[in-house]
1. Okay, helix-only estimate at 222 nm for the chain: each DSSP H run of n ≥ 4 adds -39500 (n - 2.57), divide by all residues, round to 500 deg cm²/dmol; what do you get?
2. For each cysteine in the chain, check whether another cysteine's C-beta sits under 4.7 Å from its C-beta; list those where none does.
3. How do 204, 187, 576 rank when sorted from fewest to most other Cβ atoms within 10 Å of their own Cβ?
4. If each of residue 381 and residue 449 carries a label point 7 Å out from its Cα toward its Cβ, how far apart are those two points in nm?
5. Kindly write out, for the range 64-71 in residue order, the coupling ³J(HN,Hα) from the Karplus curve 6.51 cos²θ - 1.76 cosθ + 1.60 (θ = phi - 60°), rounded to whole Hz, with x marking Gly and Pro.
6. Helix 462-477 versus the longest principal axis of the chain: what is the Cα-based angle in degrees, 0 to 90, to the nearest 10?
7. To the nearest 10 degrees, how steep is helix 134-145 against the longest Cα principal axis of the chain, on a 0 to 90 scale?
8. So if I place +1 on the C-beta of Lys and Arg and -1 on the C-beta of Asp and Glu, and nothing else carries charge, what would the dipole magnitude of the range 421-547 be about its Cα centre? I want it in debye, nearest 20.
Amino acid sequence: MPAPPVRRPLALAVTGALLLAGATTVAPAHAAVPDPTVTGPVPVTSPLGDPAHGYPFLATDYDLTSRGYVEEEFFVEGQATRYQADGVTDATVLSTGHDYRTRIVVRRPVDPAAFNGTVIAEWYNVSNQWDQEVDWFQAHEHLVRGGYAWVGVSAQVAGVHSATGLRAWSPDRYGTLDLTDGGAVTDDTLSWDVFSQAVAAVRDPAGVAPLGPLDAERVVATGHSQSAGRLWSYVNSVDPLAGVVDAVVLHGGGGLVRDDIDTPVFKINSETDVAIDLLGAAQRQPDSELLRTWEVAGASHGDWKLITDYGRLRLRDVGSAPGGYPGTPQTCEQPSGSRVPQHMVQGAVYDHVAAWVADGTAPPSAAPIELTDNPRTVVRDERGLGQGGIRLAQQDVPTRINSGANAGPGFCFLDGGSTPVDDATLAAWYPDAEAYRDAVVAATRAAVEAGLVIPEPAADPSWYTDVADLVAERVAAGTVDGAVGAEIQDLVLQALEAADRGDWATADARVVQAQDLGREQVDDAGASATVVRATEAVRGIIAYTAGGDDLDLATQVVARCLAGTAYVAVRATNEDTVPVDVTLSTPFGERTVEGVRPGASAYQSFSSRSATLDAGSARVTASAGGRTTAVDVAYETVDCS
């Protein structure tokens, strides 16, 4: 079959040859990727968590249905080529004609009108000897809100054939899967062609269409850690021949990228990755027309969001929790999992890559994390916080000491750490809750405006789960009553649900209720201040996201007469969701009113000290949560003589 059409607006001329095993002829630059046979959707025959395992392994617990999405699984089979791929030169063929059968999982919008045209094809990570979709766990909320389709590809032997792989997990469902050609191939040399064929089946189906009615306009390959290493070899060696993906995201690893390939590559690395040079993450090279590298200060390779989101499903389907999971023994030197929400940056990466491929809009560049040489270590400030890199509010206005470094058994060295800061120290750092809020919003706004995080930060779950977690810590410490803490947690999680829908008013109202409980029903002064401070920051982020750069004000300016003297009366009503500081300015004076509550007004009548007044204007300036809005309002001529 002919190769599927390559849709790559940024593509440059590609040269190269495919050396066929035992052949002396030179093949075309883009080798034909066979059309595999697709069957499915594979029926779901048992409830999630049922021991019969009649459902996709690690099937999501995210409520896709209410968001207009569906999860489906398909089997993909055909004959694959074994490649030797060194990640330095074009791949060479070792042998051809190897039978295989694998699976893909698709999560997509039901309505084609809700699809943004971009497919995120994730190479399953098999470091634990089973399939794990790290990038989905990290970024699924943003992918669903943005209308992406996601496809997970089982490409490696361990994920299918290991003692904990798919075949062992559910012989009835997965017993026919085979990535070894009946045992003839025992390594992963088929994996690259299997991945290419799965992508080809998604973007240009010859039979069953895995995306249903959706038409894939572009496919972005993504993979984390071990999968980033596989995709590094793929983009450098196999993609120049296959040409079926439009771009590649290397997340948490991946060495130098060839400068003569025509596929855009975006590398996103945590502090952990560059500090230990994980899979070549510290092998930096300049940004170019087809390469971007972003590094996130304070972030860890396996962070808190991954541990908690993945941990629930691992407990359900594997029977064990990842290290650092809440409620399990903590074995690392520091509490596991940085709380720096690197996934907010990851979401922006996918948005940028989609635009990069679609219309050539180049992503912004970002400063690298600061490292020392000999030995290579992260430069840290007096608090132990990493310097340089992409900086989020959780790093620049910290309430925990987040780091990409940790020590201990197992994966501690990859999970980073997040050490809590006690209430007394937080009170010394941030004595004023509103000043703290403004600093958090300012740091977030700077990242948004630089294009380094998702454009609607208040939609991200970390703001709300962080509040729930800090309350849980204080309940455990005895400084917050258990019943009060549970009520605060419930309210912030209700706020999260509203924010995920874009219902900012409801989200703010729930956070206000949580804040009031923290202020009025938490007896410990330090714990109360911490809850109030944290919820105030979340309210600021909600207000910033809901209003963009502008605060919602209603203004009125009237020129009028009083006892033969002309006055300018200025009124500003706060129609926003947060208190604002308002300054009323005229040629005849100025007044500032602080903390104008939502629905309340600031008012002043200014005397011109004259019987006549020429037409002019007054300025109303409002500030809150790091935002400032200024409005000029005209008034007419008046003659009071």
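Derivation of every value follows stated rules applied to the coordinates shown; laboratory data play no part. Remember, predicted model here, so these are calculated numbers, not experimental data. As a convention, Cβ positions derive from the backbone with ideal geometry for all residues, glycine included, and neighbour counts pool all protein chains shown.
1. Values: 18 runs with 195 residues, N = 641.
That calculation yields -9000 deg cm²/dmol at 222 nm.
2. That list is empty.
3. Values: 204 17, 187 11, 576 23.
In increasing order of surrounding Cβ atoms, one gets 187, 204, 576.
4. Taking the simple label geometry, residue 381 and residue 449 are separated by 2.0 nm.
5. Values, residue by residue: 6, 4, 5, 9, x, 10, 9, 10 Hz.
6. Taking Cα atoms only, the helix is inclined about 80 degrees.
7. 50
8. Around 260 debye, computed over the range 421-547.
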